[in-house]
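Trainee: Structure incoming, see below.
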Amino acid sequence: MTDHFDPALSQTDPEIAALIKLEERRQHDKVRLIPSENYVSRAVLEASGSVLSNKYSEGYPGRRYYEGQQNIDPVETLAIERMKKLFGAQHANVQPYSGSPANFAVYFAFCKPGDSVMGMALPSGGHLTHGWGVSVTGAYFASHQYGVRKEDQRIDFDEVARLAREHKPKLLWCGATAYPRVIDYDKFAEIAREVGAILVADVAHIAGLIAAGAHPSPVGKAEIITTTTHKTLRGPRGGMILCDDKHKAAIDKAVFPGLQGGPHNSTTAGIAVAAKEASTEAFKKYGHAVVANAKTLAETLLSRGFSLVTGGTENHLVLADLTPKNVPGKVAAKALDRAGLVCNYNSVPFDTRKPFDPSGIRLGSPAVTSRGMGATELKAIGNWIADVVEHPDDEKLLARVAGEVKSMCDKFPAPGIQL
Ligand SMILES: *Cc1c(COP(=O)(O)O)cnc(C)c1O
């Protein structure tokens, strides 16, 4: 297009523009409890929707395969330096397109197909990319999976140690998507050291808590740390790998040219902005408030007779087993969505139901905390959840709760959204 008239989205594509408006509305009017989701600031949105998207820059700052990097190099360098400082890491690679590609890069850096690897099983709360069968990481490597104990649903370190000694994995993964407790990096590091494995801590869900000092850091314990940038860290959708200098060359080479082409520079700019925001006092408070809010939610649900995996939470998420309530997770999640409370259905450890129709729901506090909600609101949310789960077919109740949810949301503006 050489036309100087450059119409707005609403003119070029009213259908997409209208859907974006509706999504803004939805994100404003509902209580969003999916623990991997959040609200990014206007500043992050602006950076990640910028003209940096127009630029190709294969390579790394100072070593590119294209000219015209006068502005891109400093952007990526700022992102790297800010992230290194935020986490106290020696090296940061901010180019992975998302959390899964960041993890694939770690496999590519250290493993050959068929090598032994170990991670937490999906039904225990692990991620697909930690070697689960349907993932390329389970298909291309000899993957051994540890889980949680039946008694208390905590990571079974006896099993981790036993499997590690037996299978001598090249990589030992720790980190989870549905585990409500603090990860003990010292214990994992001890086992990894004993069997000569590289410990990889995937902190995708909890990176923001770590940055805020609200969860222990794996830096200095895990040789490699991978993360998404868009969950508790409140950046754009992206991925990152932190490591010691001794692994810098292997990691950088695995990301590019090993796995990816040109980095998404607009995302890199958003990551730099998120790192700046996450280094503030306000963000420290945010991280601690996320944990306090999850606790309040857990306590409210316990007081209403809910059964929670591990009995509660120490991080940003709560996993409720609805078996005692006699409601399948999917039925509950769908009713909650109609009532303005958005969560996801989720398997619980040793679930007797199928993954697509499991026994649990997964709830998280990161997004509501970004809106400034606190104990009063989280108590109300917990009680609404209990009301709905106990009467998922009562459409009158769902409509009443949806109205109350909206009134509450009106008092808590969401970052990045101006209606
Ligand atoms: C979300 C998540 C990922 C994957 O991130 P995507 O950006 O969805 O690819 C990887 N590991 C863990 C532990 C996660 O929670």
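Trainee: Taking a ≥ b ≥ c as the square roots of the Cα gyration tensor eigenvalues, with a/c under 1.5 meaning rounded and otherwise prolate when a/b beats b/c, else oblate, which class fits region 137-217?
Mentor: Prolate shape, in that a/c is at least 1.5 and a/b is the bigger ratio.
Trainee: Any idea of the accessible area per residue across the chain, 1.4 Å probe, to the nearest Å²?
Mentor: Computed with neighbouring chains in place, this is 44 Å² per residue.
Trainee: How big is the chain by the Kirkwood estimate over distinct Cα pairs, in Å?
Mentor: Evaluated on the chain, it is 22.3 Å.
Trainee: Moving on. Just tell me the longest site-free run in the chain, where the sites are chymotrypsin sites (Phe, Trp or Tyr not before Pro) in a DSSP loop having at most 11 other beta-carbon atoms within 10 Å.
Mentor: Counting only loop sites that pass the neighbour cut-off, the longest clear stretch is 6-355.
Trainee: Give me the Å³ per residue figure for the convex hull around the C-alpha atoms of region 289-409.
Mentor: Once divided by residue count, the hull of region 289-409 is 87 Å³.
Trainee: Next up: Dividing the convex hull volume of the alpha carbon atoms of region 51-278 by its residue count, what do you get in Å³ per residue?
Mentor: Taking the convex hull of the Cα positions in region 51-278, it is 108 Å³ per residue.
Trainee: Remind me, what semi-axes does region 348-416 give for its equivalent ellipsoid, largest first in whole Å, using sqrt of 5 times each Cα gyration tensor eigenvalue?
Mentor: 25, 18, 10
Trainee: Going highest first, how would you order 120-126, 174-180 by mean Cβ packing within 10 Å?
Mentor: 174-180, 120-126
Trainee: At a temperature of 4 °C and a viscosity of 1.567 mPa s, determine how fast region 1-144 diffuses translationally according to Stokes-Einstein, using the Kirkwood radius over alpha-carbon pairs as Rh; express D in µm²/s, rounded to the nearest whole number.
Mentor: After rounding, the answer is 66 µm²/s.
Trainee: Oh, and also: Roughly how many percent of the accessible protein surface of region 289-409 is carbon and sulfur, given a 1.4 Å probe and a whole-percent answer?
Mentor: Its accessible area is 54 percent carbon and sulfur atoms.
Trainee: When the Cα centres of region 157-181 and region 95-137 are compared, how far apart do they sit, in Å?
Mentor: Each part reduced to its Cα centre gives a spacing of 13 Å.
Trainee: Quick one: which of 405-411, 317-323, 75-81 comes out on top by average Cβ neighbours within 10 Å, and what's the full order, highest first?
Mentor: 317-323, 75-81, 405-411
Trainee: A further question on this structure: At a threshold of 8 angstrom on Cα-Cα distance, excluding pairs fewer than six apart, so keeping six or more, what relative contact order does region 321-419 reach in percent?
Mentor: Computed value for region 321-419: 32 percent relative contact order.
Trainee: Roughly what would the spin-label model give for residue 22 and residue 187, points 7 Å off Cα along C-beta, in nm?
Mentor: Between residue 22 and residue 187, the label points sit 4.7 nm apart.
The values are calculated or read from the model by the stated rules, or taken from the named source; none is laboratory data. Computed from a predicted model, the values in this text were never measured in an experiment. Please note: Cβ atoms are built from the backbone with ideal geometry, for glycine as well, and neighbour counts cover all protein chains shown. With ligands, DNA and RNA removed, areas are computed over all heavy atoms of the protein, side chains included. Shrake-Rupley method; radii C 1.70, N 1.55, O 1.52, S 1.80 Å.
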